[in-house]
Structures are given as structure tokens and as C-alpha cells.
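A short write-up of the structure that comes next.
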Amino acid sequence: MKVFREIAPARRASIKELLGMERPYVETMSGGRHYFSRKDLEAASSLLSPRLLESRIFPIIFSRGELEDAYVLRDAESAEAFRTLIGVKRVERLATGEYYAYKSLVIHFLSLYSSLGVITP
């Protein structure tokens, strides 16, 4: 649980909000900070729709799901941003309505935009 609190954001922010900060970050649940790379934010801002630039979805949270080698994205906006940033046509949904992505795609996303996502247990 301690590790979860250290990496899980207490709140998420929009790219627009983060780019307005001198050193972009959000606080974590433990009171620490998750810093964003300005390079990652600028790259994402050039690809995402204006609506997603205003959405408080960063960092995108990938949670372990029931499916083996898959991670859950809990909201449609996060799934849409993820899909756009890695260039896939769609993100699959579970029967519960949550979106999921296979581990290989999440790793690819984090290799491109390391500061824009976190994996939580």
C-alpha cells in the first residue's frame, strides 16, 4: 500500500494546466510529486484534440486488471488519449465498461511518454 501511495496521483491535471507551470507536476497520495517532462507534454499536445488538452487525465493511470498481461484505464478520455498517442484505432472494453490495454502497448506508451503515465497495483 505504501508503494501505491508514493506513485498514485492525488489528482490529475490537464496538459493545458501542466504546460502553464514552470516545472509541471501533480502531488501523489503520499504528498510527494510526480513530475512531467515538458518534452512529453508538448509532444502529446501536438497530437491530442483540444477537448483532451482541457481534460484532467494526466498522468494516465494504468491499473492491473483481471485479464492476464492487461491494464485497465478507468475512463473514456484516458483511453482516447492513450489510443491517440500510441496510434491504435481503438482500445478494447471489458464487460464492466472499463477500457483495457495489453501490457506490451502500455510499455510502448511509457517508452514514448515516460512521464505521462503511471502503473498502479
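The numbers here are math on the coordinates, done by the rules we state, and not lab data. A quick note: this is a predicted structure, and the numbers were derived from the prediction, not measured. Cβ coordinates were reconstructed from backbone atoms using ideal geometry, including for glycine residues, and neighbour counts include every protein chain displayed.
The figures follow:
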{"item": "Value of [θ]222 nm, deg cm²/dmol, for the chain, DSSP H segments ≥ 4, -39500 (n - 2.57) each, nearest 500", "result": "-9500 deg cm²/dmol"}
{"item": "Residue exposure sequence - Arg51, Arg12 - by fewest surrounding Cβ within 10 Å", "result": "Arg51, Arg12"}
{"item": "Given charges at beta-carbon only (K, R positive; D, E negative), |dipole| of the stretch 2-120 in Debye", "result": "160"}
{"item": "Burial ranking of peptide ranges 26-34, 90-98 (average Cβ count within 10 Å, highest at the top)", "result": "26-34, 90-98"}
{"item": "Interchain or long-range residues, amide H under 5 Å from Ser37's placed H", "result": "Ser115"}
{"item": "Under 5 Å, built H, 5+ apart or other chain: amide partners of Ala70", "result": "Gly65, Lys103"}
{"item": "Rh by Kirkwood over Cα pairs, then Stokes-Einstein D for the chain at 1.002 mPa s and 20 °C, µm²/s", "result": "149"}
{"item": "Positive-pole candidate from Ala70, Thr120, Gly31, dipole of the chain, charges at beta carbon", "result": "Gly31"}
